[in-house]
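Enquirer: Below is a structure I'd like to ask you about.
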């Protein structure tokens, strides 16, 4: 059985929350990197030596009720890039932060997700995306990115929980998301029932009504895949499905052929508990208790 908590959180050092100090290259790009459309994405960020030769992006709703959480996930990505000099192996990595929401909707928007996905597919310098936050947006983006030139573009999510994105369901799911016949999507999150059970039990035990468990593990997995690849889109995708993490941010696990984490052990290193208001306030960082994990599994099993 999937190590439940190991899939639930990509806990990053709290320094990620305070990570700042962006340095952007020109909006037209630099080196071998071309900027994604400014209508959805921030200017290119790169703080390494020389000029970047590959581009990654984050794709989250940066407006509306999810903003406090997605800002933290983007901060985690920047923090990891800072820690390794904006490099992944021999590859110099630039970042763009893309928004799949609209001010009018104040949440993810289907048309915005579609436009983003087509922009990713058309930018040959983009080799991977950390996102999405919402499974509905992922369902729109995956098939577009799946058919991108160069073997498709990887979409790696720290948050999607809709099981049918990766596992067989009624109708033609998940096959309809992968028209090329090859997978280009993976995630480090469990299914909805498992995640909900753990969060409810743990929140109740801590006396916290709302918790946000933020992820950095997806960014870590992507950067490792880039480091081990030849820098091509197809190369990065191939490396994702070879992922074997030992004592990572959320424990030890592998990514299976469907794109889900498997073989997990060690559970999570730590939960970071937040109370949500206009900003996130850390209330406690604690190790998960075995009895809560067992209770959550039983509840999820019905």
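Enquirer: Only residues that are buried (at least 16 other Cβ atoms within 10 Å of the Cβ), assigned to a strand (DSSP E or B) and modelled with pLDDT of 75 or more: list them for the range 247-264, please.
Expert: Selection gives 253, 255, 261.
Enquirer: Of all residues in the range 225-246, which are modelled with pLDDT under 95 and either crowded, with 17+ Cβ neighbours inside 10 Å or not in a strand (DSSP E or B) (or both)?
Expert: 243, 245
Enquirer: What number of residues within the range 168-205 satisfy the criterion of being assigned to a helix (DSSP H, G or I), within 25 Å of residue 223 (Cβ to Cβ) and modelled with pLDDT of 90 or more?
Expert: 1
Enquirer: Okay, next question. In the range 30-55, which residues are part of a loop (DSSP other than H, G, I, E, B) and over 27 Å from residue 110 (Cα atoms)?
Expert: Within the range 30-55, 31, 32, 46, 47, 48, 49, 50, 51, 52, 53 meet the criteria.
Enquirer: Could you tell me whether any residue of the range 156-167 is at pLDDT 95 or above, at negative phi and touching a helix residue (DSSP H, G or I) at 6+ places or on another chain (Cβ under 6 Å)?
Expert: Checked the range 156-167: at least one residue is at pLDDT 95 or above, at negative phi and touching a helix residue (DSSP H, G or I) at 6+ places or on another chain (Cβ under 6 Å).
Enquirer: Is it the case that residue 29 is out of contact with any helix residue (DSSP H, G or I) (no Cβ under 6 Å at 6 or more places or on another chain), modelled with pLDDT of 95 or more and farther than 19 Å from residue 229 by Cα?
Expert: No.
The values are calculated or read from the model by the stated rules, or taken from the named source; none is laboratory data. Keep in mind the model is a prediction, meaning the values are calculated, not measured. Virtual Cβ from ideal backbone geometry, glycine too; neighbours counted across all protein chains shown.
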